[in-house]
Amino acid sequence: MPTDYDILVLGAGQAGLSAAYHLRRRGLRPEHDFLVVDHAPGPGGAWQFRWPTLTLSTVNRVHDLPGMEFAETLPPGSDSVPAATAVPRYYERYEQRFDLRVRRPVTVSVVCDRAPELAVETDTAGTLRVRGLMNATGTWEHPFVPHYPGAATFRGRQLHTHDYRTPDEFAGQHVVLVGAGISAVQLLDEISRVTTTTWVSRTAPRFRETPFTAEDGRAAVARVEDRVRRGLPPGSVVSVTGLPLDDRLRAARARGVLDWNPMFSAIEPDGVRWADGRAQRADVILWATGFRSAIDHLAPLRLRGPGGGITMDGRLATRVAADPRIHLIGYGPSASTVGANRAGRAAAAELTEYLGIGRRG
């Protein structure tokens with residue numbers, strides 16, 4: 001049976017688009033030599049699903065994709081524009097400018113080894129036979145909610161950041177917010193403006209008063225990269241960088257919103273309870289507890305090691321050590337917009353050289 005494509009790029013977020021751009025730069029043709037598929041109905045990656053109150057003034061940062069600046073697609077005074085509108089518009093124009101021909105919606109259910117090829121089963125494009133895979137599925141479709149005793153008995157509402165839309169829906173209700181990442185404190189700030197809140201997390205938050213430097217960024221990436229090279233789960237970048245204390249969060253701290261509590265030990269029908277017996281009534285538990293890599297479709301390849309992670313190697317730790325046909329981009333050290341750009345370039349170079357296709361550059 002002939003190979004359908006040399007390379008399949010799975011996912012059209014920052015990492016997938018960067019990879020596709022660099023494949024084109026190396027002389028590969030979209031829909032001939034490589035194919036980009038994405039499960040979403042339109043351009044924008046996970047950005048199109050973000051909550052409406054996340055604007056360009058409150059988002060952490062949107063880095064440019066290679067070859068085209070984000071600012072080109074922004075109107076004057078765009079700080080108040082929702083990120084879920086601005087970023088998808090940028091991605092759409094990027095796909096058009098570089099003729100990336102993303103096929104959507106296509107959902108991949110499973111990837112199997114049919115050596116020397118990979119068989120990729122999809123819902124709308126049949127089974128694709130490819131020589132190499134650049135997996136850029138990110139994390140948005142795999143929200144993580146930890147298990148706590150009594151969770152099933154809670155009579156109020158439980159939701160994850162993945163499902164959050166607006167703070168107004170919680171007006172008049174007491175919200176227990178769980179998590180210590182950037183999204184957690186952003187949501188805590190805006191929800192606390194319309195109702196009462198209690199903030200808890202498993203580890204104490206560490207705020208950062210000083211600016212985040214390039215050296216800090218390299219140190220954070222290096223720590224995560226070391227973990228994936230040793231076959232461990234990537235871990236959290238925020239644990240290295242700390243939470244940036246901007247003017248909004250300083251104001252929230254002055255309002256008493258950032259009063260932190262250690263993690264409760266159990267959930268009860270009308271709230272939560274700590275190990276020391278202290279209890280808090282709650283109408284809502286909002287789990288801002290992050291995401292896990294959405295790579296269940298790779299399970300038949302048995303890539304995970306005894307440590308629970310996938311051992312990575314290559315220039316920027318994007319290549320699966322056990323199977324050089326597969327690169328994970330937007331995973332581990334490249335799970336950021338700037339990291340995804342660099343990973344897309346490195347993976348494109350390494351995979352095309354391994355397969356003996358394209359030109360160098």
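None of the figures in this text is laboratory data; all of them are computed from the coordinates on show. Since the model is a prediction, treat every value here as computed from it, not as a measurement. Every residue, glycine among them, receives a Cβ derived from its backbone with ideal geometry; neighbour counts consider all protein chains shown.
Exposure proxy for TYR354, TYR91: other Cβ atoms within 10 Å of each Cβ, ordered fewest to most, give TYR354, TYR91.
Between the residues LEU301, ALA346, VAL284, the greatest Cα displacement towards the positive end of the dipole of the range 253-361, with unit charges on the Cβ of Lys, Arg, Asp and Glu, is found for ALA346.
Put a plus charge on the Cβ of each Lys and Arg, a minus charge on the Cβ of each Asp and Glu, and nothing anywhere else: the dipole of the range 1-87 about its Cα centre is then about 140 debye.
In this label model, PHE49 and ALA322 are separated by 2.7 nm, measuring between points 7 Å along each Cα→Cβ vector.
Within the range 164-206, what residues put their amide N at less than 14 Å from the label point 7 Å along the Cα-to-Cβ vector of ASP216? Backbone N within reach: 182, 206. Taken about its Cα centre, the chain carries a charge dipole of roughly 600 debye when the Cβ of each Lys and Arg holds +1 and the Cβ of each Asp and Glu holds -1.
Computed extension length for ARG29-ALA266: 79.8 nm, one decimal, from 0.36 nm per residue of separation with the Cα-Cα distance subtracted. Along the axis of the charge dipole computed for the range 65-148 (Cβ charges of +1 for Lys and Arg, -1 for Asp and Glu, origin at the Cα centre), the listed residues GLY77, TYR94, ALA119 are led at the positive end by ALA119.
Highest average first, the peptides 98-105, 188-195 ordered by how many other beta carbon atoms sit within 10 Å of their residues are 188-195, 98-105.
Scaled against the 2.2 N^0.38 Å expected of a compact globular protein of N residues, the Cα radius of gyration of the chain reads 1.04. Which translational diffusion coefficient, to the nearest whole µm²/s, is obtained for the range 51-90 from the Stokes-Einstein equation, given a Kirkwood hydrodynamic radius over C-alpha pairs, 20 °C and 1.002 mPa s? For the chosen part, D equals 207 µm²/s. Other residues lying with their Cβ under 13 Å from the Cβ of ARG25 contribute a combined charge of +4, Lys and Arg counting +1, Asp and Glu -1. Note on ALA299 and ALA279: the model spin-label points, each 7 Å out from Cα along the C-beta direction, lie 3.8 nm apart. The fewest-to-most ranking of SER18, SER336, SER201 by surrounding Cβ atoms within 10 Å reads SER201, SER336, SER18. The ellipsoid equivalent to the alpha-carbon distribution of the range 1-114 has semi-axes of 29, 16, 10 angstrom, derived from the gyration tensor eigenvalues as √(5λ) and listed largest first.
Within the range 20-42, what residues put their amide N at less than 20 Å from the label point 7 Å along the Cα-to-Cβ vector of ARG315? Answer for this model: 20-29, 34. Relative to one another, the C-alpha centroids of the range 153-225 and the range 237-304 are positioned 6 Å apart.
Along the charge dipole of the range 1-66, which of TYR5, ALA20, PRO30 sits closest to the positive end, that is, farthest toward it, with unit charges on the beta carbon of Lys, Arg, Asp and Glu (+1, +1, -1, -1)? With unit charges placed on the Cβ atoms, the residue in question is ALA20. Give the value in nm², to one decimal: projected area of the alpha carbon convex hull of the range 83-155, averaged over all directions. One quarter of the hull surface, i.e. the mean projection, equals 8.9 nm². Here the gap between THR73 and ARG248, fully extended at 0.36 nm per residue and compared with their Cα-Cα distance, gives a gain of 60.3 nm. The fewest-to-most ranking of LEU177, LEU10 by surrounding Cβ atoms within 10 Å reads LEU177, LEU10.
With the simple spin-label model, which puts each label point 7 Å out from Cα in the Cβ direction, the GLN96 to ASP64 separation comes to 2.0 nm.
Just to be sure I understand: if I project the alpha-carbon convex hull of the range 218-301 onto a plane and average over all orientations, what area do I get in nm²? The partial results should precede the final answer.
Numbers: hull surface 38.4 nm².
If I average the Cα hull's projected area over directions, I get 9.6 nm².
Both numbers refer to the Cα atoms of the range 281-335; Rg and Dmax are 15.2, 52 Å. Charges were assigned to the Cβ only: +1 to each Lys and Arg, -1 to each Asp and Glu. The resulting dipole of the range 184-327 about its Cα centre is roughly 420 debye. Note on the range 123-214: semi-axes of the ellipsoid equivalent to its C-alpha gyration tensor, largest first and rounded to whole Å, are 32, 22, 14.
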